[in-house]
Amino acid sequence: MKKRARTPASAIVNRRASYDYALDEELTVGIALTGREVRAVRDGRVQLKGAFVTIRNDELWLNNASFSLVLNTKGVNESTVDTSPRKLLAHRKQIDNLSDAKHTGMTIVPLRLLTRGRHIKLVIALGKGKKHYDKRQAIKKRDQERDAKVKL
């Protein structure tokens, strides 16, 4: 059986985040992963769609991120999807600032999972949920920009 050559993903992007949230300041944090999870990230088998960050016991946790893990059992490559919470690594001051913003009604949203270099980092941002009419305005603006680009 011939293995397919994979192009390494330099960043896994949550494209839905900018559509659903009005994003504010960004912050890059580390993430605690196991070996199989690291392999899934480096191969680009992770989805951040629908993922969110919570603060529990003064720690940041990434929830609902889908990691497609490869299970090597007796020579058969099986795959499973794992959505368990993963701990995020940040400084105490950063966690306190995020906690204060969360109490004012903001949401902490994961934007990108960076795999450049030796470490794997997660870019998170504070966001305020958009209303339905805000989303329609974003679609209208994007369509107008696309039409203007085509006319040139």
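Every read-out reported here was derived from the displayed coordinates using simple, explicitly stated rules and does not represent laboratory data. As the structure is a prediction and not an experimental result, all values here were calculated from the model.
Using the Karplus curve 6.51 cos²θ - 1.76 cosθ + 1.60 with θ = phi - 60°, work out ³J(HN,Hα) for each residue of the range 109-119 in order, rounded to whole Hz, and write x for Gly and Pro.
Once θ is set to phi - 60°, the couplings for the range 109-119 become 10, x, 9, 9, 10, 8, 10, 6, x, 7, 9 Hz.
Answer rounded, prolate or oblate for the chain, using the Cα gyration tensor with square roots of eigenvalues a ≥ b ≥ c: rounded when a/c is under 1.5, else prolate when a/b is larger than b/c, else oblate. Show your work: numbers first, answer last.
Values: a/c = 2.24, a/b = 1.23, b/c = 1.82.
Oblate is the answer for the chain, as a/c is 1.5 or above yet b/c matches or exceeds a/b.
Can you give the extra length, in nm with one decimal, that the chain gains between residue 81 and residue 32 once fully stretched, where that is 0.36 nm per residue apart less the Cα-Cα distance?
Result for the pair: 15.9 nm of gain on full extension.
Within the set 93/135; 102/131; 93/121; 49/141, which residue pairs have Cα atoms separated by over 27 Å?
Over 27 Å apart, Cα to Cα: 93/135.
In terms of modelled amide H atoms, which long-range or inter-chain residues lie less than 5 Å from the amide H of residue 48?
Those lying under 5 Å, H to H, from residue 48: there are none.
Quick one: Cα centre-to-centre distance for the range 87-152 and the range 10-61, in angstrom?
11
Step through the residues of the range 43-57 one at a time and calculate ³J(HN,Hα) from phi using the Karplus curve (6.51 cos²θ - 1.76 cosθ + 1.60, θ = phi - 60°), rounding each to whole Hz and writing x for Gly and Pro.
8, x, 9, 9, 10, 9, 5, x, 7, 8, 10, 10, 10, 9, 6
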